[in-house]
Amino acid sequence: MEDILSRPYTREEFAEIRAHVQEPYQRALAAAINQARNRFGAAIVLSLHTFPLNRPGRLNTGRYAGAYVLGEEMARGSLKERTGLPDLIMISNGGLAAAPRVLEVIRSNFEDRGYKVEDGEGPLKGDHGTTAMYGRPREGVHVVGMEFVPHGIEIGRAKGRLDLDQEGAERTSGIFHMTFNRLSQLKPEEINEQ
């Protein structure tokens, strides 16, 4: 294994990277959220990702202790029940980052089409990051992380290949599109009611 850096960043170097990359992005996102909420009465932010089919983990010892690593490939199943991975992991900081109606629309749109959906737990709960930083449902800002697990679509991803089942990808893309449309049709009073 090769070193990524010849030496770790100093605190000053890391602060400079954050100032030039992360902080401008965070400011732009916060401004876009406020603009949408002010214009439409509510803002819905969907943080979309695909999740590898491998069991997540961290190295416990050695030079790279704490590094995020991928373990064995997991079947379609339940992360909570330790039988595999669902098709969609919804991250909402335990329901604190978005109104129940927003979460319900996402969940039902996928489950009604045969996808297994679970709420994130542990490091996938969302109590750090985007949902914790921006989710303020009482103020009309709803943030949901959507970790899609591409079972049978990203064939070979677990082995580092880019093979793709185009039909499966198009079917899933359509479900995401339907979900976005359903969310865009919600009225602010319907979303923001507690």
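The values are calculated or read from the model by the stated rules, or taken from the named source; none is laboratory data. In this text, all values refer to a predicted model and were calculated from it rather than measured experimentally. Cβ placement follows ideal geometry from the backbone for every residue including glycine, while neighbour counts extend to all protein chains displayed. Ligands, DNA and RNA are stripped out before the accessible areas are found, and what is left, the full protein with its side chains, is counted by its heavy atoms. Shrake-Rupley method; radii C 1.70, N 1.55, O 1.52, S 1.80 Å.
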Any chance you could look up the accessible area of residue 187 with a 1.4 Å probe, heavy atoms only, rounded to 10 Å²? 110 Å²
The stretch 1-128: relative contact order in percent, alpha carbon pairs under 8 Å with at least 6 residues between: 15 percent
Whole-percent carbon and sulfur contribution to the accessible surface of the stretch 1-117 (1.4 Å, no ligands, DNA or RNA) stands at 53 percent
To the nearest 10 Å², what's residue 163's accessible area with a 1.4 Å probe? 70 Å²
Under the Karplus relation with 6.51, -1.76 and 1.60 and θ = phi - 60°, whole-Hz ³J(HN,Hα) for the stretch 41-50, x at Gly and Pro, equal x, 7, 10, 10, 10, 10, 9, 9, 8, 10
Ordering of 22-31, 146-155 by packing [mean C-beta count within 10 Å, highest first]: 146-155, 22-31
So, with points 7 Å from each Cα along the Cβ direction, the residue 25-residue 113 label distance in nm works out to 2.7 nm
Tell me the label only: which of [x] 18.7, 54; [y] 18.6, 66; [z] 18.9, 57 is Rg and Dmax of the Cα atoms in Å as calculated from this structure? [x]
Take the chain, connect every pair of alpha-carbon atoms lying under 10 Å apart with a spring to form a Gaussian network, then pick out the residue of 168, 160, 94 with the largest mean-square fluctuation. 160
Find out how many positive minus negative residues lie around residue 82, taking Lys and Arg as positive, Asp and Glu as negative, among other residues whose Cβ is under 13 Å from that of residue 82. -2
Dipole in debye (nearest 20) - the stretch 1-126, about Cα centre, beta carbon charges: Lys, Arg +1; Asp, Glu -1: 300 debye
Once both labels are modelled 7 Å past Cα along the beta-carbon direction, what's the residue 36-residue 127 spacing in nm? 2.6 nm
How many Å² of accessible area per residue for the chain, probe 1.4 Å? 63 Å²
Kyte-Doolittle cut-off -1.0, length cut-off 20 Å along the helix's own axis using Cα: show which whole DSSP H helices in the chain pass. 23-40, 166-185
J(HN,Hα) series, the stretch 11-22, from Karplus relation 6.51 cos²θ - 1.76 cosθ + 1.60, nearest Hz, glycine and proline x: 4, 5, 5, 5, 4, 5, 4, 4, 5, 9, 10, 6
Could you give each residue of the stretch 83-90 its phi-based ³J(HN,Hα) in whole Hz, using Karplus coefficients 6.51, -1.76, 1.60 with θ = phi - 60°, and x for Gly or Pro? 10, x, 10, x, 7, 9, 10, 8
